[in-house]
Structures are given as structure tokens and as C-alpha cells.
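Take a look at the structure below.
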Amino acid sequence: MKKTITLGHGSGGRLMHQLIEDLRLQLSNKILDELADAAEFKIGNRKLALSTDSYVVKPLFFPGGDIGKLAVCGTVNDLAMKGAKPIYLSLAFIIEDGFELAQFKKIVNSIKQAARQAQVLVVTGDIKVVEKGAADGIFINTAGIGVIDYPASLGVKAKLGDFIVINGGIAEHGMAILNARENLEFSSTGIKSDCRHLNFSVQRCLKASKKISMMRDLTRGGLATVLNEIAQGSNLGIEVDQQAIPIKKSVSKMCDVLGFDPLYVANEGKFICFVNQKDAPKVIKVLGKQARIVGRVTSSHKREVYLTTKIGAQRILPMLESDQLPRIC
Amino acid sequence: MKASKIRLMEVCGTHTMAIAGFGIKKLLPKGVELISGPGCPVCVTHQQDIDRAIEIAKIKNVIMTTFGDMLRVPGSKGSLEQLKTAGADVRVVYSCLDALTIARDNPDKKIVFMGVGFETTSPTVAAAILEAKKRKIRNLLVLSNFKIIFPALKALAGSKKTHIDGFICPGHVSVITGSLPYEQIAKRYKKPCVITGFEEADIITGIKCLLTQIKERKSRVEIAYKRAVQKKGNLKAQRVMFSVFTLNDAPWRGLGMIKRSGLSLRKEFTNFSAEEEFRVKVPRVKEPKGCLCAEVLQGIKSPRDCRLFKKRCTPQTPVGPCMVSSEGACAAHYKYEK
């Protein structure tokens, strides 16, 4: 069989990383090679951040958000993770012939609201309409630009001894989407996507501590995949404590029923902050009640993540291989 | 064969993953070893059965539906996932009732449900078939590869190739079957059996019960999962299951043909049989060269003993079924053991 790109290549796991790495080698330059959520560069004396993302969620509307809100928050968050203050967004649609105008208006309205809340302006855009079947309803791409005022720019590497702070419960977006997409009967559980912009939370963290080495938002591949990327990128080990990882009971139970590991499920409003041990309580304080210290950066077991389970055993927490699939029984 | 360690077999794939996920093996005393059994439905599905599903999925106007786990299982020439990428209509469903809905919505297509699983799964499939009959939905077809677990357990308990001191029995299956069918294994083969659930405390309690029995030289059936499992099980589910299915001899990957261990549709339901409808012939296939899944499924070998493990055989490029199933012993080993 011919080699093809499969859905697994888009799931945020190892397959996708291979694909990105091949691409990076082709296009290699100093800025791209950082492989950060947003590119960081200087124009004149200004330090800027630039990021782009495409949004292809199904269903388009889900509890807690829709594709429009996602398209604003996702790009805003990628910029925020670089410590940048997002300013301008571009907005491009690819729309399938026959797409309902009322739905389009609803999406645009939620883009408007999300942009207002995140205090960014949509300043340029594009619309393409393609034949029926050439797209699935509507796809959105946004790019964003932001300025970096934080003195020591946020890197892509963690520091030895850093504590890892998370801003709240994991796996909500992924499970909410699955529930809505597959019409599973978990709607009474009230599971909602955590989709929201993080730029103000990030700014508060940066104000609270000057000893933050890096931040990452937890999207595809979930907490476990991001931690693995950071352990490898920083050439250090990471230890996390399962007991400390916040997760809503309803989300955890839904994962149990379907055989999903919440550590690999997508989020859209959660990030982790790598901060000096002493400053960790300051970051927790500004992030609010849901925030927790979930782990730390170690010199042992370099480039790997270890999890201390609820019963006190330590085991490796590997990178997601490819999409999680619901189990049989 | 007598081993120096006490060897307990967790029969069920969900137990295998839970044990690895909680890190239970690392906390056990040195003299106790946990080995994985044949209770992962994906793992024991014969390659030929997967080939058959693939051939049927290629037929025009067929929508193939199956559980997520089955998508990536390699047949002798590719998987359903690869076929889907190549353009076939293959859909993941969460239960056979979803397939029934697809059948209702696509009256001009033939909807095939590739069914695998044990007693936990088959009653719901039987219920879907009864529902289809009631609603006169005629385009739903089931490719039945369902199995029942007890004949395989008996085969293992009586096997001379492997030594097992006790069974950690599956909670899900036992909700349906009850604890009675295990009595024969405990009595005839003198193997303690403890039925337990999937939380860390359930599994640890189960292991403790087994060790106590072994120490006291007893072999009984115990339920350490009383909040879900009763002695007689779910009689209604059993009735529904056997009103639609009947026992037949079935091939188990790794274990070979086991008498009266499979479920096929009863005569009055043959119009729901995908096998009858399409009569696809698939050639016999040999296990992939070097793959030790057969031995792993019987607890004779550990994934680490396999020369393909972590080399040619990884979750991305699985050679054998124990790697492709998310609940297989090799996948658990690959993911969690260093």
C-alpha cells in the first residue's frame, strides 16, 4: 500500500511529531527551529510573536464554545504562551457550498465576542467557497501577532528544579467534543469545553514572577504529550504526581467508561507554567482556586516523564502514539 | 511446569491496562508475578476473521462499522483503517445500536457490524438485532466473532505449557455471567478465582484474596467486586444473548480452535448474518513470522521475550494483535514498562 497521511498524523502524538520534524528540516531557519507555539523575532527594537492555526472541529457548535471562539482563543493562546500580548488577528474561512448563512453569522458573532474579550482586533481576512464535498462545512484559519514586553523572553526549555503549575482541570475540551460529536449520552453530566483565552492569566503570572522559564498550552495530545515534548526539548526529566492533577469527576468518569486516558485528551483553556520552586505559590495565587502544582523538573531520567500513580508507584508516562480509540468493553 | 514465583493471570485486557496504569506490579512482593491472559477481544480475534471483514468492507454499497479498537488491527494485507484511508466507508461505532441507526438512515446500503467481544458485549448486540427485527430494518448485518471466555480459561487452566496459580477474573464479563461458571475452574483444575473490578483498590484486594487462598491451599471462587457482580449474573442479558446467538467452535488467535467458545447467529436470525449474505472466502493465513503473541496470550512468554518487540513491532507498526489493541499485553508493556 502507498504511504499516506492518516488521521493519526493529526492527533498530536508521535506520528505528528515525525511529520513536523520532516517539515522543519525542509524549511529550517533559526526562528522556525525553535518549534515554539509562536515564532519570536525582532523588527526594529520591538520583540514580536507570530502564530497561525487552522480550525476544523466537528461539530461546529459544542457545549462551551464553537469553531469561531476556538479560532480566536487558540491563536491568542499560542501567542500568550510566548509571553506576548496579542494585538491583531487575521481571519480566513474555507466554506463548503451550501453552508447555512445563519450558522455562518452565528460563528462570526462568536468570533466578535471572543476577540472583544481577549482584546484583539481582527484586521484582515479572506473567504473561499469550495464545491460540496471539498470541505466539511467550514474551516477557519487565524494568524495573530503580538508584542513581547516581558524582559527575559519565555523560552522553549524548562529549567532544572522548576515546578510545574497547571491552571485547572484537564480533558474537558476533548471529552465535550467527543460527547457532542458522537451523541453519547453524557450530556446530563454537564461536561463543557474549557475553550477560553489565556492571555490575561498569562500576563498575571508574568507580573507575579520574574522566574518563569516557559509556558505551554495543553491542546492536542493533552498534558502527557506536552510534558514529553518539554522533557525532550529541555534534555531534562519530569516527574508528575497523578494525585495532584486536577480533573472534574464527571470528566474522569466519562474517560473511564470509554477507556480514554485523560492525560492524553485535548484541552483548549489549560496551560502549564514552569516556574522556580520559590515562586510557584505566587503563580498559583494569581491563577486561582483550580490551579495546582502537578510536578517538577529533575535531572534524573532525562528526556522522559514519570508519573507517581495514586497508589504511590512510579511509572513512565509516554508520549501519545496516535489517536485514542474507544474500547470495546 | 512449575515456576518459582506465584503466577497470577489477569484474564481481562482492561485489567492488564489498569494494572500497568496504576503501577501495581512495582508494588508487589518479589515472589508474585502477574501475567496477562486471553481476555482482550481484539487480541484473540483470528487474522482470518479480520481479513474477512476487510474483504466485506471492500464490497460496493457496504458501510462497515466496528469498535474503535478493531480499526488498526492488521489482517494479512492491511487494516480497516488503511482501507478507510483508501476510501472505503468504515465507521467507528460505540455500540451495535449505533450501527442500527446508520442502517435506518441509509436504507439503500448494507450496514455490516464487525462484532468482537465477550459476554459483556454480545448481549447488547443481541438486543440490537432483536430491535432491528422488531423495526423491520433489513439492511443490518452482523459479522459475529463474539466469544465466551470460560472455554479459553479451562484450556489454560488445564494446559501443561504454562503454570498459573490463580486467576484475576474480569469484572465486566462477570456482571453478565455471574460467578457460577468459574466454579468448574476452581474445583476441577484447583485454581483459585477472584472476580474483581478495575479501580486500584479492587485489583489489590483481588490479588490479596488470591494470595490468601494460595497460602491456605484453597481454590474457591470469590467475588471481590460485590457492588456489581452476583452469583447468577444478569439473567435477562444471558437470555437475550442466547435467544439470538448459539455456541459454536471458534478459532482463537494464539490458542487455536476451542470447542463451543464462539457465538454464531441462531437459524432464525441468519438473515442478519454478514457471513451468509456475502459468503466471502478468505485464504488461511499463518501467524506473522517471529511474532510471539500466541505464547504471550497464554502466559507462556512475556512481550520482552519477543524479538520483534519494540523493534519491528510498535504501536505504530504493530505486527501482532497484542501490540495493536490498546488493551493488549504488548501495548501495555510498551507503554508503561521500562
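So if I check each of A:Gly168, A:Gly161, which one is more than 21 Å from the chain's Cα centre (by Cα) and within 28 Å of A:Ile293 (Cα to Cα)? Walk me through how you get there before you give the answer.
Numbers: A:Gly168 fails: more than 21 Å from the chain's Cα centre (by Cα).
Among A:Gly168, A:Gly161, only A:Gly161 is more than 21 Å from the chain's Cα centre (by Cα) and within 28 Å of A:Ile293 (Cα to Cα).
Would you confirm whether any residue within segment B:45-64 is modelled with pLDDT under 95, within 12 Å of chain A (Cβ to nearest Cβ) and buried (at least 24 other Cβ atoms within 10 Å of the Cβ)?
Yes, segment B:45-64 contains at least one residue that is modelled with pLDDT under 95, within 12 Å of chain A (Cβ to nearest Cβ) and buried (at least 24 other Cβ atoms within 10 Å of the Cβ).
Identify, from the list A:Gly288, A:Gly221, the residue that is within 29 Å of B:Ala332 (Cα to Cα), in contact (Cβ under 8 Å) with a residue 12 or more places away in the chain and not acidic (Asp, Glu).
A:Gly221
Pick from segment B:19-41 the residues that are in contact with a Cys (Cβ under 9 Å, 6 or more places away or on another chain) and over 20 Å from B:Pro192 (Cα atoms): which of them is nearest to the other protein chains (Cβ to nearest Cβ)?
Here the answer is B:Pro41.
Go through (1) at pLDDT below 95; (2) surrounded by fewer than 17 Cβ atoms within 10 Å (Cβ to Cβ); (3) β-branched (Val, Ile, Thr) and name the single condition B:Thr162 misses.
(2)
Take B:Met241 and tell me if it is within 14 Å of another protein chain (Cβ to nearest Cβ), at pLDDT below 95 and assigned to a helix (DSSP H, G or I).
no
Mind counting the residues in segment B:102-120 that are under 21 Å from B:Phe242 (Cα atoms) and either small (Gly, Ala, Ser) or surrounded by fewer than 24 Cβ atoms within 10 Å (Cβ to Cβ) (or both)?
The total comes to 3.
Out of the residues in segment B:120-142 that are within 14 Å of chain A (Cβ to nearest Cβ) and in a helix (DSSP H, G or I), which is farthest from B:Ser174 (Cα to Cα)?
Step by step, filter segment B:120-142, then rank; the result is B:Val125.
Within segment A:259-329, considering only strands (runs of 3 or more DSSP E) that don't extend past its boundaries, which have at least 3 residues that are within 14 Å of chain B (Cβ to nearest Cβ) and surrounded by 18 or more Cβ atoms within 10 Å (Cβ to Cβ)?
Filter on segment A:259-329 gives A:305-308.
Counting just the residues of segment B:75-88 that are more than 9 Å from chain A (Cβ to nearest Cβ) and of a type in the set (Ser, Thr, Tyr), which one comes out surrounded by the most Cβ atoms within 10 Å (Cβ to Cβ)?
Here the answer is B:Ser79.
With the condition kept exactly as written, say whether any residue in segment B:11-20 is touching a helix residue (DSSP H, G or I) at 6+ places or on another chain (Cβ under 8 Å) and in a loop (DSSP other than H, G, I, E, B).
no
Applying the selection to segment B:197-213, what residues are surrounded by 17 or more Cβ atoms within 10 Å (Cβ to Cβ), over 13 Å from B:Met9 (Cβ atoms) and away from chain A (no Cβ under 14 Å)?
B:Cys209, B:Leu211, B:Gln213
Of the residues in segment A:90-117, how many are within 21 Å of A:Leu218 (Cα to Cα) and out of contact with any Lys or Arg (no Cβ under 9 Å at 6 or more places or on another chain)?
1
What residue, of B:Arg91, B:Arg72, is within 12 Å of chain A (Cβ to nearest Cβ), surrounded by fewer than 21 Cβ atoms within 10 Å (Cβ to Cβ) and of a type in the set (D, E, K, R)?
Details: B:Arg72 fails: surrounded by fewer than 21 Cβ atoms within 10 Å (Cβ to Cβ).
Matching residue, one of B:Arg91, B:Arg72: B:Arg91.
Can you run down the residue pairs with Cβ atoms below 8 Å, 6 or more apart or on separate chains, where the first is in segment A:156-185 and at positive phi and in the same structural domain as A:Leu263 (by TED's automatic domain parsing) and the partner is of a type in the set (Gly, Ala, Ser) and not in a loop (DSSP other than H, G, I, E, B)?
A:Ala171/A:Gly222; A:Ala171/A:Ser252
For residues in segment B:292-326 being free of Cβ contacts under 8 Å to residues at least 60 places away in the same chain and within 14 Å of chain A (Cβ to nearest Cβ), which is surrounded by the most Cβ atoms within 10 Å (Cβ to Cβ)?
B:Met323
The values are calculated or read from the model by the stated rules, or taken from the named source; none is laboratory data. Predicted, not measured: the structure shown is a model, and the values here were computed from it. Every residue, glycine among them, receives a Cβ derived from its backbone with ideal geometry; neighbour counts consider all protein chains shown.
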